[in-house]
Structures are given as C-alpha cells and as structure tokens.
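Q: Here you go, one structure.
The values are calculated or read from the model by the stated rules, or taken from the named source; none is laboratory data. Since we're looking at a predicted model, the values are computed, not measured. Note that we place each Cβ from the backbone using ideal geometry, even for glycine, and neighbour counts take in every protein chain shown.
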Amino acid sequence: MNDQETIQSNMDIHNEGLLEKFIKRGAWLYFFSFLIGPIGYAIKITVSYDLSVSDVGMLYGILSFISLVASFNDFGMIESLNYFIPKLLAKNETAKAKSFVIYAGIAMILTSFLVGIILLLGAHWLANNYFKIPEAGGLIQLFVIFLIFSNILHFNVTIFAIYQNTKQQKLSEFIRMAFTLCFAILPHIYGLGTLEIYSWAWNYGVMLAATVSSFVA
C-alpha cells in the first residue's frame, strides 16, 4: 500500500469514527429528550389536581424567574469553560484545565450564594412589586435552594458537554425531572399536596441530580 492509499485509509477510519460518535450522541440526545418532555407534562398534571389555577401560575412564574436569574448568575463562567477548556485539553495542559475548572466552580458557587442572599432579602419586595402577589415572597425564598443547586447542576452538565459526554449530559437532566415527578406524586397520592410541598419537589429533584452528577463530573 502506497502513502496515498494509507492516508486515504486513515481518513476513512477517522470518518467512520466521527459518524459512529455522531450517531451515538444523537441517539442519547433524542432518547432522553423523548423521556423528559412527557415527565414535565406529568408534573404539571399532578400539580394541577391539587392547586388552583392562580397557584399553578404563581409556581411556574417563580420557577421561570429563578431560572432566568440562574442563567445570568455565572457571569460568563460557563461560556469561558466551553471556550478555554477544550483548547487546554487539546494542548495536553491538563493541570491548567483542572485549575480553571476549580476556580470557575468556586466562583459560580460563591455568586450563587450572593444572588441567593439578595433574593432572600428582596423576596417580599419582588412579590409585591413584580409578581403583585404578597404570598409569593415565601415561595421565592424557598426557591433560593433551587437556584443554588441548579447552578451546580449546570456546572456539571457543562463539564459533560466539554468532554462530549452526551449520555451523562442528558441523563443529569432526566434524573432531575424524574425525581421531581416522584416527589410531586407522593404528596398527591397521600392527599398532602400544597403549594409549599410541591415547591419542595423541585428543590429535592435538583438537589439529588446535582449530587449525583457531581460525583460523575
């Protein structure tokens, strides 16, 4: 076999490897997306049985607000990880990559607590002036737990994305949704479903998912 044939053979093997990776990652992506969608719908149905329309609206409104705040909480750390870590790993500078990940993780946890304290102190102001529902103050304070652990989970998922581990990336989100559904179904079965108890379902779900994904990440 001449040099040209050898190069072509290596290219074919490389292309086959890329195709195999693409198919596997795509399969995991669609598999978990197919499962997560119905779980989210099942959670809404379960909650709607025991809560009024206004309570369901307030619950999901606060969840959307907390998720929005969480997306800006990292101050660009996630984007920095996605940009710098693959470059450092490509250069085999694993020590620098590890240090960067540790610093970014610490910074994200600290900013999560800082934003959480601000929300705790300003919860009732937000309830009165933004949501126009005084009762929302306690719920906002309760979801500070969700804010902190969702950022930890987001950090772990970013690590999986950097290493192109689509299976673990989507599995982490599936675990969060599955546990949330479990903790929502239990109070519904025993007739204990209240706004506060259902709110804890989201907290428990993200706490467990963040804990499990942290060990893997």
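Q: So residue 80 clears everything in (1) hydroxyl-bearing (Ser, Thr, Tyr); (2) under 24 Å from residue 140 (Cα atoms); (3) surrounded by 14 or more Cβ atoms within 10 Å (Cβ to Cβ) except one condition, right? Which one?
A: Looking at each condition in turn, residue 80 falls short on (2).
Q: Hey, among 165, 156, which residue is surrounded by fewer than 20 Cβ atoms within 10 Å (Cβ to Cβ) and closer than 14 Å to residue 216 by Cα?
A: 165
Q: Could you say which residue among 204, 198 is of a type in the set (Ser, Thr, Tyr) and free of Cβ contacts under 8 Å to residues at least 60 places away in the same chain?
A: 204
Q: Exactly one condition in (1) under 15 Å from the mean Cα position of the chain (by Cα); (2) surrounded by 12 or more Cβ atoms within 10 Å (Cβ to Cβ) is not met by residue 55; state its number.
A: Unmet for residue 55, out of (1) under 15 Å from the mean Cα position of the chain (by Cα); (2) surrounded by 12 or more Cβ atoms within 10 Å (Cβ to Cβ): (1).
Q: Return the pair list, or none, for Cβ contacts closer than 9 Å from residues in segment 175-187 that are farther than 13 Å from residue 198 by Cα to residues that are assigned to a helix (DSSP H, G or I) and aromatic (Phe, Trp, Tyr), at least 6 apart or on different chains.
A: 176/202
Q: Another question, then. Only one of these conditions is not met by residue 193: (1) outside any helix (DSSP H, G or I); (2) among the small types (Gly, Ala, Ser); (3) surrounded by fewer than 19 Cβ atoms within 10 Å (Cβ to Cβ). Which number is it?
A: Looking at each condition in turn, residue 193 falls short on (3).
Q: If you check every pair at least six apart or on different chains, which have Cβ atoms under 7 Å apart with a residue in segment 28-55 that is without any contact (Cβ under 8 Å) to a residue 40 or more places away in the chain first and a residue that is surrounded by 14 or more Cβ atoms within 10 Å (Cβ to Cβ) and in a helix (DSSP H, G or I) second?
A: Listed by first residue and then by second, the contacts come to 48/56.
Q: May I ask you to verify whether residue 211 is surrounded by 16 or more Cβ atoms within 10 Å (Cβ to Cβ), among the β-branched types (Val, Ile, Thr) and assigned to a helix (DSSP H, G or I)?
A: It is false that residue 211 is surrounded by 16 or more Cβ atoms within 10 Å (Cβ to Cβ), among the β-branched types (Val, Ile, Thr) and assigned to a helix (DSSP H, G or I).
Q: Pick from 98, 132: which is outside any helix (DSSP H, G or I) and without any contact (Cβ under 8 Å) to a residue 24 or more places away in the chain?
A: The unique qualifying residue is 132.
Q: Give the residue that is modelled with the lowest pLDDT, with candidates limited to residues of segment 147-182 that are of a type in the set (Gly, Ala, Ser) and under 9 Å from the mean Cα position of the chain (by Cα).
A: At the first step, the residues of segment 147-182 found to be of a type in the set (Gly, Ala, Ser) are 150, 161, 172, 178.
Pick out the ones that are also under 9 Å from the mean Cα position of the chain (by Cα) and you get 150, 172.
Values: 150: 91, 172: 88.
Taking the candidates together, the pick is 172.
Q: Kindly evaluate residue 87 against the criterion of being modelled with pLDDT of 70 or more, of a type in the set (D, E, K, R) and within 27 Å of residue 158 (Cβ to Cβ).
A: It is true that residue 87 is modelled with pLDDT of 70 or more, of a type in the set (D, E, K, R) and within 27 Å of residue 158 (Cβ to Cβ).
Q: What number goes with the only condition from (1) surrounded by 15 or more Cβ atoms within 10 Å (Cβ to Cβ); (2) without any contact (Cβ under 8 Å) to a residue 60 or more places away in the chain that residue 68 does not pass?
A: (1)
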